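Below is one structure, written out as structure tokens; the observations come after it.
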Amino acid sequence: MKTKLPALLALLFLILACSMPGMTTSAPPDMNATQLHEAEIRIAVAETQTALALAQPQPNATLVPAADAATATPAIVHLTTPGEPPSFYENWITDRDSSSTAPQRAANGGENFDKNLYERPFNAITMDIYYPDLDIKYARLDRGATWVYLEIETSNVRQSGGMLGNYGAEFDLDVDGRGDWLILASQPQATWSTVGVRVWQDTNNDVGNDFSVSSDPPQKGNGYDLLFFDQGNNPDPDIAWARVSPHNPNFIQIAFKHSLIANDNTFMWGAWTDQGVFNPAFYDYNDHFTHAEAGSPLPGLSKYYPLKALFEVDNTCRMSVGFTLTGDEAGSCPVYVPPTAVPPTHEPPTPETTPTIGLY
Ligand SMILES: [Ca+2]
Ligand SMILES: [Ca+2]
Ligand SMILES: [Ca+2]
Ligand SMILES: [Ca+2]
């Protein structure tokens with residue numbers, strides 16, 4: 001037996017060498033049985049470690065395809081950037097400022113759930129957080145040669161600083177009370193950018209359910225169903241932009257190409273901030289939620305107070321562009337005399353106890 005050991009050693013190491021890339025092919029000539037056993041153990045351990053290593057997820061193997069995919073995504077190349085909005089906007093909407101009633105955990109009017117009008121810049125249930133950057137005070141619009149400019153003036157920047165909600169407007173091109181386009185910009189930055197800017201379209205005219213503007217849950221349709229423009233991802237990457245006004249940190253400015261709305265010059269529009277639900281497929285919210293589900297920001301409506309499923313949202317009544325508002329249009333703002341005068345200082349009528357015409 002002992003005389004055959006060198007031959008066996010040579011054969012074993014030859015086999016192992018063939019199965020272990022990188023292993024030396026030369027076996028020590030004077031290795032005894034104990035040394036041979038130790039060598040076998042070391043080789044077995046090495047093989048096990050190699051097998052375990054191969055069985056581990058290969059970080060580089062998984063990261064490389066992701067990196068390749070990212071590299072393969074075509075970069076968005078912008079050709080046209082908005083200029084400066086006008087110093088005077090052709091169209092104005094006023095909205096209630098709830099900063100003064102926030103300590104009472106209440107909206108300062110401007111809420112009519114049954115007519116799709118909300119004043120809810122608060123968190124749900126406790127209503128102990130008031131978001132001044134979600135509280136619209138004014139909204140303005142102006143049509144330029146290429147761009148339509150919007151400016152949304154909020155009560156203030158968020159307590160933690162900045163404008164951290166989603167800001168935009170809804171457009172009803174055929175004045176039937178059903179919104180046709182919705183633009184919302186998330187957390188706009190200091191300079192014009194398409195990052196966070198999205199445009200939705202309602203392609204089957206079911207925003208508003210059976211009765212436009214008026215609350216008639218349950219919602220049967222799919223609301224805004226087409227994400228038409230997603231942060232520059234569109235054949236035209238320059239359709240819609242947003243920024244914080246360089247002149248005021250609590251003003252949001254949005255610019256979109258007039259061609260987005262087929263250069264329409266007679267339409268209705270209203271402004272939105274939407275953080276809590278932020279789901280265009282649920283528009284109109286007063287069709288998706290019942291009043292009881294949505295809650296109310298008005299303590300006087302004890303049946304519904306406080307805010308529940310519909311929260312951290314504000315919108316305005318709708319103003320006309322290209323024609324004189326009569327006040328009878330669905331979702332219309334009340335008609336003032338003169339209509340573009342300084343915002344009224346009188347107290348508004350009590351919501352939901354007076355005709356809609358006086359609410360805004
Ligand atoms: Ca408001
Ligand atoms: Ca419409
Ligand atoms: Ca409706
Ligand atoms: Ca739809």
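The values are calculated or read from the model by the stated rules, or taken from the named source; none is laboratory data. Note that the structure is predicted; figures quoted are calculated from it, not measured. All Cβ positions, even for glycine, are placed from backbone atoms using ideal geometry, and neighbour counts span all protein chains on display.
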Only one of Gly177, Gly144 is modelled with pLDDT under 95 and assigned by TED's automatic domain parsing to the domain that holds Ser212, namely Gly144
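Could you tell me whether any residue of segment 262-280 is aliphatic (A, V, I, L, M), more than 18 Å from Glu119 (Cβ to Cβ), over 20 Å from the mean Cα position of the chain (by Cα) and surrounded by fewer than 17 Cβ atoms within 10 Å (Cβ to Cβ)?
yes
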When every residue in segment 200-245 that is small (Gly, Ala, Ser) and more than 16 Å from ligand 2 (Cβ to nearest atom) is compared, the one nearest to Gly331 (Cα to Cα) is Ser215
Do we find a residue being hydrophobic (A, V, I, L, M, F, W, C) and touching a His at 6+ places or on another chain (Cβ under 7 Å) anywhere in segment 126-145? no
The condition of being away from ligand 3 (no atom under 16 Å from the Cβ) and surrounded by fewer than 23 Cβ atoms within 10 Å (Cβ to Cβ) holds, among Pro237, Pro217, only for Pro237
In the set Thr146, Thr191, Thr126, the lone residue that is without any contact (Cβ under 8 Å) to a residue 60 or more places away in the chain and either surrounded by fewer than 21 Cβ atoms within 10 Å (Cβ to Cβ) or away from ligand 1 (no atom under 15 Å from the Cβ) (or both) is Thr191
Given the conditions (1) under 24 Å from Ser214 (Cα atoms); (2) outside the structural domain of Ala262 (by TED's automatic domain parsing); (3) not aliphatic (A, V, I, L, M), every one holds for Phe113 apart from (2)
Can you spot a residue in segment 109-126 that is within 28 Å of Asn265 (Cα to Cα) and in contact with a Lys or Arg (Cβ under 8 Å, 6 or more places away or on another chain)? yes
Filter segment 313-338 for residues that are touching a helix residue (DSSP H, G or I) at 6+ places or on another chain (Cβ under 6 Å) and assigned to a loop (DSSP other than H, G, I, E, B); the one that is nearest to Thr101 (Cα to Cα) is Pro334
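Within segment 107-120, how many residues turn out to be out of contact with any Leu (no Cβ under 9 Å at 6 or more places or on another chain) and outside any helix (DSSP H, G or I)?
2
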Filter segment 116-129 for residues that are under 20 Å from the mean Cα position of the chain (by Cα) and of a type outside the set (A, V, I, L, M, F, W, C); the one that is nearest to ligand 2 (Cβ to nearest atom) is Tyr118
Evaluate the following for Glu90: is it free of Cβ contacts under 8 Å to residues at least 60 places away in the same chain, more than 29 Å from His288 (Cβ to Cβ) and either out of contact with any helix residue (DSSP H, G or I) (no Cβ under 7 Å at 6 or more places or on another chain) or surrounded by 18 or more Cβ atoms within 10 Å (Cβ to Cβ) (or both)? no
Counted residues in segment 151-179 being touching a strand residue (DSSP E or B) at 6+ places or on another chain (Cβ under 6 Å), charged (D, E, K, R) and more than 16 Å from ligand 1 (Cβ to nearest atom) come to 1
